[in-house]
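Asker: After the structure tokens below, expect a handful of questions from me.
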Amino acid sequence: MIDWKKYLLVFLITAGIFLSAVYVTNYFNSRKINELKSIQDKISIDLLSSETQYALLEELSCTDVNNSLLSPELASLADKIDFSEKNISSSDIVELKKSYSLLEIKDYLLMKKISARCGFKNIFILYFYTTAENCTECVKQGFALDVLREKYPEVRVYSFDYNLIDLSAVKAMTSIYKIKDTALPALVIDSKVYTGFQDVETIEEIKPSLKSLLPVQAGLPKTPETSTKK
Amino acid sequence: MEHFSTIVFYVFSFLSVYVQVFFLVTFFEKRKSIITRKGSIELQEYPAVTVIVPCYNEESTIGKTVRSLLDLDYPKEKLNLILVDDGSRDATWEAIKSFESLENVRTFKKENGGKYTALNLGIEHTETPYLGCLDADSFVHPQALKRIMSYFLNDDKTMAVAPSIMVHEPKNIIQGAQKAEYDMAIYTKKMLAFMGGIHVTPGPFSIFRKKVFNDLGNYRHAHNTEDQEIALRMQSHGYKIEHCPDAYVYTVSPNTIIKLYRQRLRWIYGFIKNAFDYRFLLFKKKYGNIAFFTIPSGLISVASVIFLLFFVGNKVVAFASDKILQIQGAGFDSVHNFHVDWFFFNIQTVSFVSIILYGLVISSLFLGRRMSGSKKLFSLDILYFLFVYSVLAPFWMMKAIYNAIWSKESSWALERQVNS
């Protein structure tokens with residue numbers, strides 16, 4: 001009376017539909033991860049070349065320091081990693097995030113040297129956040145820093161996920177500035193730590209020299225945008 | 001928690017896709033046996049049929065209902081009407097009495113006792129080998145009876161035949177949504193008929209052999225859904241129920257959210273209660289597809305519609321709170337920034353599965369429309385349907401479950417009063 005074969009056939013068709021959906025999803029997501037990896041590769045090559053250039057810098061004049069020296073992809077990579085972390089479940093993402101953090105630190109150190117040597121008015125903000133718990137203040141801070149970055153291209157924001165503490169370089173950063181996971185988000189501006197959400201106006205008060213950067217002075221090299229987005 | 005709800009989503013969507021694929025496979029298996037006739041047909045014989053019309057406060061539609069029955073293309077001497085006024089408080093009785101003079105019409109007035117009591121009164125006065133009922137808010141197509149009777153004449157085992165119900169002149173979004181739903185039901189009902197798994201012989205114009213009531217007894221109160229209970233009772237005794245896709249019946253559907261809510265609350269409540277009363281059917285081989293397919297899929301659909309509300313609702317809340325944080329953190333202007341990079345197009349299995357599921361639902365609507373002979377396959381009704389049922393249905397379903405647990409009856413009389 002009951003056609004069991006049909007029940008089985010329908011099960012197989014349904015399972016087939018689901019597996020195809022999973023397959024297609026994985027296909028596109030692995031393409032995304034590959035895209036992230038290739039951006040990251042490009043950035044590390046860029047950084048390596050910048051470091052090499054810096055080593056040669058003593059023989060160069062600061063006017064030769066231009067866009068080609070800096071890694072413009074760092075900001076867009078941050079957005080993409082952030083998006084992938086939320087939407088793609090893959091262990092690759094954590095690894096990508098780790099090497100991204102390392103690239104940020106390298107970029108930070110190099111840029112500090114270059115600005116000091118060439119007298120650029122760059123402002124460096126280190127930003128520590130967390131994804132472990134539901135940190136709504138961190139989300140707000142991320143958006144505020146986006147605005148700041150857009151308003152002042154000279155601002156370079158380096159964001160670090162506190163949960164990557166098993167990465168020794170990030171751990172070193174947190175211990176230098178005594179960042180605690182109970183007091184996040186935290187900003188480091190001129191070696192001073194500010195915990196809790198800081199809106200754009202507050203940051204402008206902390207760093208009054210920001211205002212002087214408006215309007216952008218001609219002749220200065222345009223600083224590429226760096227990540228802020230958590 | 002997020003993880004858990006995603007797993008539940010996959011389980012429900014797997015089961016829902018399974019049900020839709022089951023219908024599709026049945027369709028491809030049996031599509032040659034789906035007959036949609038145009039115009040009049042001749043039968044080798046015309047068995048006598050009695051149609052019972054139970055009414056409660058239906059003065060405005062009863063006249064039209066009876067006239068549509070009188071206009072049926074069926075020999076007059078073979079068609080008897082029994083009009084039962086179940087203690088109406090309006091002018092229904094006067095409206096009914098105006099047909100008294102006709103030879104094949106009998107009228108009865110009784111104390112209000114519920115629809116099933118009115119039907120049973122009619123059954124007691126039925127002397128023909130076939131009988132049917134027609135709700136007083138519905139009208140029949142002139143060919144409906146002949147087409148239905150052809151199913152009885154072709155198969156001695158057929159004990160009841162359900163018609164195709166359509167929404168009478170849909171005028172607003174609520175009725176448009178129901179039109180799409182009813183059109184889809186024509187398809188699913190026919191597929192269930194092929195599988196021997198029909199679980200409701202609807203109040204509007206289902207026709208039975210009198211033997212059914214002689215053997216199994218009259219209608220029962222059955223939580224105000226006597227048309228579901230009789231079908232389950234028939235199924236539990238192995239009585240065959242057919243569906244005649246080209247027997248059209250037009251029903252006046254609720255035209256406001258609150259009326260629709262009341263009607264569906266009664267239906268779903270009745271479904272849950274009857275499914276509970278007939279739980280002995282569940283997963284027993286001898287009862288066939290009703291035991292393994294119809295009742296389980298009905299219960300699953302109630303559960304999944306409710307779950308989907310929370311699942312989607314949760315996502316909407318998350319999206320909104322993210323936007324609020326963005327405004328708090330960065331001000332209003334920042335909201336307009338969005339990325340056009342393909343990278344930010346969120347490709348998730350959940351989205352694919354949802355698209356497949358909606359695709360299957362919409363194709364079953366198209367198949368239903370085609371079976372009903374409708375030429376217009378696509379209309380805005382589909383969107384109304386998706387909206388109304390995904391947003392509103394969870395509420396009457398949750399309330400129905402709540403009522404079922406506490407055995408709070410939904411009132412047929414209240415629904416009638418609101419309708420009239």
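Each value in this text was obtained by applying a stated rule to the coordinates, not by laboratory testing. On a predicted model such as this, the values are computed, not experimentally measured, just so you know. A quick note on method: Cβ atoms are made from the backbone with ideal geometry, for glycine too, and the neighbour counts reach across all protein chains shown.
Asker: Taking neighbour counts of Cβ atoms within 10 Å as a proxy for exposure, in what order, fewest first, do B:Arg370, B:Arg147, B:Arg220 appear?
Answerer: So the residues, fewest neighbours to most, are B:Arg220, B:Arg370, B:Arg147.
Asker: Same structure, new question: Looking at the square roots a ≥ b ≥ c of the eigenvalues of the Cα gyration tensor of region B:1-102, which shape do they give, rounded for a/c under 1.5, prolate if a/b is larger than b/c, or oblate?
Answerer: oblate
Asker: May I ask which of A:Lys180/B:Lys315; B:Lys30/B:Lys189; B:Lys273/B:Lys408; A:Lys121/A:Lys207 have a Cα-Cα span longer than 20 Å here?
Answerer: Result: A:Lys180/B:Lys315 exceed 20 Å.
Asker: Inside 10 Å of the C-beta atoms of A:12-24, what's the mean count of C-beta atoms belonging to other chains?
Answerer: 5
Asker: How would you classify region B:122-167 from its alpha-carbon gyration tensor, with a ≥ b ≥ c the square roots of the eigenvalues: rounded for a/c under 1.5, else prolate if a/b is greater than b/c, otherwise oblate?
Answerer: oblate
Asker: Charges at C-beta only: +1 for Lys and Arg, -1 for Asp and Glu. How large is the resulting dipole of region A:4-212 about its Cα centre, in Debye rounded to 20?
Answerer: Around 540 debye, computed over region A:4-212.
Asker: Which Cα, out of B:Val51, B:Phe22, B:Ser40, lies furthest along the positive dipole direction of region B:1-76 (beta carbon charges, K/R +1, D/E -1)?
Answerer: B:Ser40
Asker: Let me ask another. Please compute the Cα-Cα pair-distance distribution of the protein assembly as shown with 20 Å bins starting at 0, giving whole percents from short to long.
Answerer: With 20 Å bins starting at 0, P(r) equals 16, 37, 21, 18, 8, 1.
Asker: So, with +1 on the Cβ of K and R and -1 on the Cβ of D and E, and no other charges, what is the size of the charge dipole of the protein assembly as shown about its Cα centre, to the nearest 20 debye?
Answerer: I would put it at about 1460 debye.
Asker: Same structure again: So for the pair A:Lys180, B:Glu42, with labels modelled 7 Å out along Cα→Cβ, what separation do we get in nm?
Answerer: 9.8
Asker: Does anyone have the angle between helix B:115-124 and the longest principal axis of chain B? Alpha-carbon axes, 0 to 90°, nearest 10?
Answerer: Long axis of B:115-124 versus the principal axis of chain B: about 30 degrees.
Asker: Right, another one. Nearest-5 percent of antiparallel DSSP beta bridges in chain B?
Answerer: Just about 25 percent of them are antiparallel.
Asker: Quickly estimate the mean residue ellipticity at 222 nm for the protein assembly as shown, helices only: each DSSP H run with n ≥ 4 gives -39500 (n - 2.57), and the total goes over all residues, rounded to 500.
Answerer: That comes out to -18500 deg cm²/dmol.
Asker: Please give every one of the lysines within straight-line cross-link reach of B:Lys171, meaning a C-alpha to C-alpha distance under 16 Å, and leave out same-chain neighbours fewer than 8 residues apart.
Answerer: Counting by Cα, and skipping residues close in sequence, B:Lys171 has these lysines nearby: B:Lys179, B:Lys259.
Asker: Applying the Karplus parametrisation 6.51 cos²θ - 1.76 cosθ + 1.60 with θ = phi - 60° to the phi angles of region B:394-408, what ³J(HN,Hα) value in whole Hz is obtained for each residue in order, glycine and proline being reported as x?
Answerer: x, 6, 6, 5, 5, 5, 5, 5, 4, 4, 5, 5, 9, 6, 8
Asker: Just to verify a number: FRET efficiency for B:Phe319 and A:Arg31, C-beta to C-beta distance, R0 = 22 Å, to 0.05?
Answerer: For R0 = 22 Å, the calculated efficiency reads 0.30.
Asker: So, with +1 on the Cβ of K and R and -1 on the Cβ of D and E, and no other charges, what is the size of the charge dipole of region B:223-325 about its Cα centre, to the nearest 20 debye?
Answerer: 260
Asker: Calculate how steeply helix B:381-391 sits against the longest principal axis of the alpha-carbon atoms of chain B, using the helix alpha-carbon long axis, and give the answer as 0 to 90 degrees to the nearest 10.
Answerer: 70
Asker: Further question: Based on the Cβ-Cβ distance from A:Ser44 to A:Tyr23, what FRET efficiency comes out when R0 is 25 Å, to the nearest 0.05?
Answerer: Calculated value: 0.20.
Asker: Could you tell me which of B:Pro129, B:Thr107, B:Ile258 has its Cα farthest along the dipole of chain B towards the positive end, charges placed at Cβ (Lys, Arg +1; Asp, Glu -1), taken about the Cα centre?
Answerer: Going by the charge dipole, the pick is B:Pro129.
Asker: At 0.36 nm per residue, and after removing the present C-alpha to C-alpha distance, how many nm does the segment from A:Ser212 to A:Ala172 gain when stretched out fully?
Answerer: That works out to 11.1 nm of additional length.
Asker: Could you give the nm distance between label points at B:Lys286 and B:Leu383, where each point is 7 Å from its Cα heading toward the beta carbon?
Answerer: With each label placed 7 Å out from Cα toward Cβ, I get 5.3 nm.
Asker: Let me see the pair-distance distribution of region A:4-212: every alpha carbon pair, 10 Å bin width, integer percents in order.
Answerer: Bins of 10 Å from zero give 7, 28, 32, 17, 7, 5, 3, 1, 0 percent of pairs.
Asker: Put +1 on the Cβ of each Lys and Arg and -1 on the Cβ of each Asp and Glu in the protein assembly as shown; which of A:Leu110, A:Val22, B:Thr201 then has its Cα farthest toward the positive end of the dipole?
Answerer: With unit charges placed on the Cβ atoms, the residue in question is B:Thr201.
Asker: Where is the GNM fluctuation largest for chain B (alpha-carbon springs, 10 angstrom cutoff): B:Trp406, B:Trp396, B:Trp267?
Answerer: Answer for the Gaussian network model of chain B: B:Trp406.
Asker: Once you sort the root eigenvalues of the Cα gyration tensor of region A:128-188 as a ≥ b ≥ c, which label holds: rounded (a/c under 1.5), prolate (a/b larger than b/c) or oblate (the other case)?
Answerer: Here region A:128-188 falls in the oblate category.
Asker: Under 10 Å, Cα contacts only: if you run a Gaussian network model on chain B, which one of B:Ser364, B:Ser379, B:Ser164 comes out with the highest mean-square fluctuation?
Answerer: Evaluated over chain B, the most mobile residue of the options is B:Ser379.
Asker: For helix B:173-195, what angle does its Cα long axis make with the longest principal axis of chain B, in degrees from 0 to 90 and rounded to 10?
Answerer: For B:173-195 against chain B, the angle is about 70 degrees.
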